[in-house]
Amino acid sequence: MTNILEYEGQKLSYSIITNKRLKNFYIKIDLIQGVIVKTPSSNTAYIHTLVMQKALWIFAKMRAVKERTTLASLFENEGRVLYLGEPILLHVNQTPESFYREKSIPLVTRLVEEWSFLMGVKPTHVRFRKAKRRWGSCSHTNELSFNLSLAQLPLECITYIVIHELSHIEHKHHQKAFWNCVGEFMPEYKNCEKILKNYSPSLS
């Protein structure tokens, strides 16, 4: 259900997801889905008031999301793609997908081999796919999946994502033990998380 409020002459649309198991009120801003409010309450008037109180913050976050460099817009407007954090001209016979398939798979595969050895863990399988929202994942069977567009990121961020997913082999959660594991092998991981906010995983 879409709701609309007006704040200082600007209209703000948002959707509500009610989940009584939640303990708090959350606001998520997504490039594709827009503003999503997750809440344990079904009181629409109460939710509307909370969103109004957060409106200034929401508009600021929405601007930041729209300003992110997307691969599709960069390619369409300039004929360029991002490679290791830098824009480069794409060869006339290449598509962004073929470029990233060529660059991401060998680079990430090598990093997985190196870091799995250093961390003393071993994935059951490594695969690559297009995804709109996720850079990587680790299944309950320790199969790692990585986004084909990873090669757009600075190398330190690609390394962080590899370490992050390898850490999930031992820790199937995001609790303290997991982050201790990530921090042991990449102490500066929080800086990488900040940098990642400037990139979009989607190829389209």
* Please determine, by comparing only the residues of the range 169-204 that are of a type outside the set (S, T, N, Q) and closer than 19 Å to Arg129 by Cα, which one is surrounded by the most Cβ atoms within 10 Å (Cβ to Cβ). => Leu203
* Being aromatic (Phe, Trp, Tyr) and more than 20 Å from Leu82 (Cα to Cα) is the filter here, so list the residues in the range 186-201 that pass it. => Tyr189
* Asked: Is there a residue in the range 29-52 that is open to solvent by 40 Å² or more (accessible area, probe 1.4 Å), under 22 Å from Tyr199 (Cβ atoms) and at pLDDT 85 or above?
  -> no
* Tell me, yes or no, whether the range 98-110 has at least one residue that is among the small types (Gly, Ala, Ser), within 13 Å of His164 (Cα to Cα) and touching a helix residue (DSSP H, G or I) at 6+ places or on another chain (Cβ under 7 Å). => no
* To do: Give the residues of the range 149-171 that are charged (D, E, K, R), over 27 Å from Leu89 (Cβ atoms) and under 18 Å from the mean Cα position of the chain (by Cα), sorted by residue number.
  => Glu165
* Structure fact -> Residue pairs qualifying under the 9 Å Cβ cut-off, at least six apart or on distinct chains, with the first in the range 153-175 being more than 13 Å from Met119 (Cα to Cα) and the second being crowded, with 23+ Cβ neighbours inside 10 Å and of a type in the set (D, E, K, R), are none
* To do: Check the range 53-66 and report whether any residue there is surrounded by fewer than 12 Cβ atoms within 10 Å (Cβ to Cβ), aromatic (Phe, Trp, Tyr) and at pLDDT 80 or above.
  => yes
* To do: Consider Ile105 carefully, then state whether it is open to solvent by 30 Å² or more (accessible area, probe 1.4 Å), in contact with a Pro (Cβ under 8 Å, 6 or more places away or on another chain), among the β-branched types (Val, Ile, Thr) and assigned to a helix (DSSP H, G or I).
  => no
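The values are calculated or read from the model by the stated rules, or taken from the named source; none is laboratory data. The structure presented is a predicted model; accordingly, all values stated were derived computationally and were not measured. Note: ideal-geometry Cβ built from the backbone for every residue, glycine included; neighbour counts use all protein chains shown. For accessibility, only protein heavy atoms count, side chains too; no ligands or nucleic acids. Shrake-Rupley method; radii C 1.70, N 1.55, O 1.52, S 1.80 Å.
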